[in-house]
Amino acid sequence: MKKLLALAILSLIAACTPQELPVAAIQTIDIGNISLIQGTLSYLTREAIPTPYIVVIELYRVEGESLQLIATTDFLEEGQVPVNYMLAFNADLVNTATGSYLINARFLTISGTTIYEAAEMVNPFSGNAGVNLRMQPTGY
């Protein structure tokens, strides 16, 4: 069920332009309020990713059929999988008692085409367990 929900939300993300996904808050963050999500991104296909490529990681609060962007990061990667990532977010914007959260990851070509993606419902405060995602090819 969680995978089905994550796939449905991933479809919603793909249908939106970046301007339609509001950032929850742009503000100065007290260092005491920062939490981290970290993990690895991998895939099972036996093909090399054209390098370099862009890795995008996003954390969303899921509210019904809408998404609220809580945090995002992107970086240039020149190696192959697995790719380690770390996403910092403002812990004051997350309440797991009242909200559900989704992490979305994408590999993009330098020209901006998404070539691999993954999404999973998460607890942003999962601690040292890490959020390891299995990327799926998009059929670009």
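Here's a check for you: in the stretch 109-133, which residue that is over 18 Å from Y60 (Cα atoms) and open to solvent by 70 Å² or more (accessible area, probe 1.4 Å) is modelled with the lowest pLDDT?
N128
Take the stretch 29-69 and flag every residue that is open to solvent by 30 Å² or more (accessible area, probe 1.4 Å) and within 16 Å of L108 (Cα to Cα).
Passing the criteria: S42, E47, A48, P50, T51, P52, I54.
I'm trying to understand the selection: among the residues of the stretch 73-103, which are closer than 15 Å to S35 by Cβ and assigned to a strand (DSSP E or B)?
If the condition is that a residue be closer than 15 Å to S35 by Cβ and assigned to a strand (DSSP E or B), then T73, Y85, M86, L87, A88, F89, N90, Y101, I103 are the ones that fit.
Considering each of S42, S66 in turn, give the residue that is modelled with pLDDT under 95 and not aliphatic (A, V, I, L, M).
Answer to the check: S66.
Is it the case, given these coordinates, that R106 is assigned to a strand (DSSP E or B), basic (K, R), open to solvent by 30 Å² or more (accessible area, probe 1.4 Å) and without any contact (Cβ under 8 Å) to a residue 60 or more places away in the chain?
Judged against the criteria, R106 is a match.
Determine the pairs where a residue that is open to solvent by 20 Å² or more (accessible area, probe 1.4 Å), located within the stretch 90-102, has a partner that is hydroxyl-bearing (S, T, Y) with Cβ atoms under 6 Å apart, the partner being 6 or more residues away or on another chain.
Filtered contacts from the stretch 90-102: A91/S35.
Looking at the structure I just gave you, is T73 surrounded by 13 or more Cβ atoms within 10 Å (Cβ to Cβ) and modelled with pLDDT of 90 or more?
Yes, satisfied.
The values are calculated or read from the model by the stated rules, or taken from the named source; none is laboratory data. Keep in mind that this is a model prediction, so the values were computed, not measured. All Cβ positions, even for glycine, are placed from backbone atoms using ideal geometry, and neighbour counts span all protein chains on display. For accessibility, only protein heavy atoms count, side chains too; no ligands or nucleic acids. Shrake-Rupley method; radii C 1.70, N 1.55, O 1.52, S 1.80 Å.
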